[in-house]
Amino acid sequence: MRMYDIIMKKRNGLALTKEEINFMVEGYTKGEIPDYQMSALMMAIYFKGMTEEETFALTMAMAYSGDIIDLSKIEGLKADKHSTGGVGDKTSLVLGPMVAACKVPIAKMAGRGLGHTGGTIDKLESFLGLSTSFTNQEFIDYVNQIGIAIIGQTADLAPADRKLYALRDVTATVDQLSLIASSIMSKKLAAGADVIVLDVKTGSGAFMKREDDAVALAREMVKIGTSAGKETVAIISDMNQPLGYAVGNALEVKEAIDTLNGEGSKELLELCLTLGSYMVAYTKHASSVEEAREMLLKTIEDKSALKKLAELVKMQGGDERAVYDTTMLPKASIIMEIKAEADGFIEKIETEEIGIVSAILGGGRETKESKIDLSVGVVMHKKISDAVKEGESIATMYGNDLEKLQQAKEKFLSAITFSKTPVPKGRFIKWIITSSGTTKY
Ligand code: URA
């Protein structure tokens, strides 16, 4: 087999066989196929697309290019959740403990921030001393002891995807549906869970800005998961404004804890109840999603989910007292209110820009030059359709540098559109896609 022929075949719009896909994934991972040939193939795929069979073959080849996490030493069916990412997305910190409190084992691999805000691992590091890097054996032991553990993604997980994604990122071939679906699902399949719940966002703060694209991606991922023998469901929710109110690592941890105390944002709780009800029902801990939802609600009422988060923090070496006293989380030194300049209603929020506000303050992803500042960010007080009065605070910004705060304030205000007349609220949960059908809300 020759890479040249594979590129030519795809360039001419023909479907590749499983053997050809395995050949190119293996060859590329081992360094036998050069970047220039793989770039040409990615561009050919970008223009000619891939069939369902090709997409599945690519996913499996990438999933098996490294370690497949063996969760068989954890009793019962395991569930995992993946989010396509968004601004203010602290879902894992609420959902994980809620589902674990319903006795579903959660062995979660999470990432750091890809975009402007931190990822779950960054957020968890707001707990002093907490570690997310341990051996696979320790990971499994922790889940067996308390029902939940969250580990940073290891280099051995789907290495082919890691290499290919880096290449796509610099060759303008990221935004091809089959390539995105296979990239995400290869990592989920390698992570070893039996049930996969996909949290797909759509809107101005999401990777998939258009609802049609989000639905198509979700459908493709559900098909891949189902073909791999996993129960898979995708929930599509609105990301035309940040999820909840807080954007910034420690601020989001506080909001997650507030939600576990029954005092957080309604949307965040709704998302966790929806995603969680499939995780609980599909792992056979409830006989229906409705029953699962009731069980999850109870974990908030009886504080068992909050307790589970404290157990997780303690087990992973963190100071769990911060779960019960959030003033112990990292704190910024300067607080600045952003006030409305006139009466009106919030009409629109450029959500990605709010992520950039947090990055300007120092809360973006870590780089070689600068470490992430966990204490900074913004807490919104008003969301789309809310009425505002002149002089009223619409958000509080937290920072450690006055100049950056001024810059962030301007960015924040330019991201918000006000209306003089009332603005309707859109739906939050938009679609649920399972292997047996699609429901639009
Ligand atoms: N996220 C991924 O993991 N892969 C993609 O290709 C795009 C987003």
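The values are calculated or read from the model by the stated rules, or taken from the named source; none is laboratory data. Note that this is a predicted model, so its numbers are computed, not measured. Cβ sites come from the backbone with ideal geometry, for glycine too, and all protein chains shown count toward neighbours. Accessible surface areas use protein heavy atoms only, side chains included; no ligands, DNA or RNA. Shrake-Rupley method; radii C 1.70, N 1.55, O 1.52, S 1.80 Å.
Name, by its number, the condition in (1) part of a loop (DSSP other than H, G, I, E, B); (2) open to solvent by less than 10 Å² (accessible area, probe 1.4 Å); (3) farther than 21 Å from L71 by Cα; (4) within 16 Å of the ligand (Cβ to nearest atom) that does not hold for R112.
In the conditions (1) part of a loop (DSSP other than H, G, I, E, B); (2) open to solvent by less than 10 Å² (accessible area, probe 1.4 Å); (3) farther than 21 Å from L71 by Cα; (4) within 16 Å of the ligand (Cβ to nearest atom), R112 misses (2) alone.
Hey, among I68, I7, which residue is more than 18 Å from I180 (Cα to Cα), among the β-branched types (V, I, T) and open to solvent by 50 Å² or more (accessible area, probe 1.4 Å)?
I68
Going through region 190-203 one residue at a time, which ones are in a loop (DSSP other than H, G, I, E, B) and either of a type outside the set (A, V, I, L, M) or farther than 22 Å from I432 by Cβ (or both)?
A191, G192, D194, G203 - these are the residues of region 190-203 that are in a loop (DSSP other than H, G, I, E, B) and either of a type outside the set (A, V, I, L, M) or farther than 22 Å from I432 by Cβ (or both).
Do you know which residues across region 322-345 are β-branched (V, I, T) and open to solvent by 80 Å² or more (accessible area, probe 1.4 Å)?
T327, I335
Take the conditions polar (S, T, N, Q) and within 30 Å of V222 (Cβ to Cβ) and apply them to T439. Does it pass?
Yes, satisfied.
Within region 36-65, can you find the residues that are among the charged types (D, E, K, R) and open to solvent by 30 Å² or more (accessible area, probe 1.4 Å)?
K48, E52, E53
Take region 244-260 and flag every residue that is open to solvent by less than 10 Å² (accessible area, probe 1.4 Å) and either closer than 14 Å to H116 by Cβ or in a helix (DSSP H, G or I) (or both).
Listed by number, the residues that qualify are V247, G248, N249, A250, E252, V253, A256, I257, T259, L260.
Among the residues in region 370-393, are any within 17 Å of G119 (Cα to Cα) and without any contact (Cβ under 8 Å) to a residue 12 or more places away in the chain?
Within region 370-393 (the criterion being within 17 Å of G119 (Cα to Cα) and without any contact (Cβ under 8 Å) to a residue 12 or more places away in the chain), the answer is yes, since at least one residue qualifies.
Could you please find all residues in region 275-300 being under 15 Å from D80 (Cα atoms) and either without any contact (Cβ under 8 Å) to a residue 40 or more places away in the chain or surrounded by fewer than 22 Cβ atoms within 10 Å (Cβ to Cβ) (or both)?
Within region 275-300, S277, A281, K284, H285 meet the criteria.
Quick one: in region 334-355, of everything that is of a type in the set (D, E, K, R) and in a helix (DSSP H, G or I), which residue is farthest from V87 (Cα to Cα)?
The selected residue is E353.
Answer yes if at least one residue in region 302-321 is open to solvent by 60 Å² or more (accessible area, probe 1.4 Å) and touching a Lys or Arg at 6+ places or on another chain (Cβ under 7 Å), and no otherwise.
no
Kindly indicate whether any position in region 81-93 is open to solvent by less than 50 Å² (accessible area, probe 1.4 Å), among the basic types (K, R), touching a helix residue (DSSP H, G or I) at 6+ places or on another chain (Cβ under 9 Å) and in a loop (DSSP other than H, G, I, E, B).
Yes: region 81-93 contains one or more residues that are open to solvent by less than 50 Å² (accessible area, probe 1.4 Å), among the basic types (K, R), touching a helix residue (DSSP H, G or I) at 6+ places or on another chain (Cβ under 9 Å) and in a loop (DSSP other than H, G, I, E, B).
Here is a yes/no grid of residues against (1) within 14 Å of the ligand (Cβ to nearest atom); (2) in a loop (DSSP other than H, G, I, E, B); (3) over 30 Å from T326 (Cβ atoms); (4) not small (G, A, S):
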| site | (1), (2), (3), (4) |
| --- | --- |
| G118 | no, yes, no, no |
| D122 | no, no, no, yes |
| S126 | no, yes, no, no |
| A149 | no, no, no, no |
| R168 | yes, no, yes, yes |
| V174 | yes, yes, yes, yes |
| S182 | yes, no, yes, no |
| K188 | yes, no, yes, yes |
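Among the residues of region 195-229, what is the count of those that are more than 16 Å from the chain's Cα centre (by Cα) and not hydroxyl-bearing (S, T, Y)?
So the answer is 15.
Tell me, which strands (runs of 3 or more DSSP E) wholly within region 356-441 include 3 or more residues that are farther than 27 Å from R210 by Cβ and at pLDDT 95 or above?
Qualifying strands (runs of 3 or more DSSP E): 393-399.
So which residues in region 128-147 are among the β-branched types (V, I, T), over 16 Å from K90 (Cβ atoms) and part of a loop (DSSP other than H, G, I, E, B)?
T135
Which one of the conditions (1) within 15 Å of the chain's Cα centre (by Cα); (2) away from the ligand (no atom under 15 Å from the Cβ); (3) outside any helix (DSSP H, G or I); (4) within 15 Å of S83 (Cα to Cα) does T232 fail to meet, given that it meets all the rest?
The failed condition is (1).
Among the residues of region 204-218, are any among the hydrophobic types (A, V, I, L, M, F, W, C), more than 16 Å from the ligand (Cβ to nearest atom) and outside any loop (DSSP other than H, G, I, E, B)?
yes
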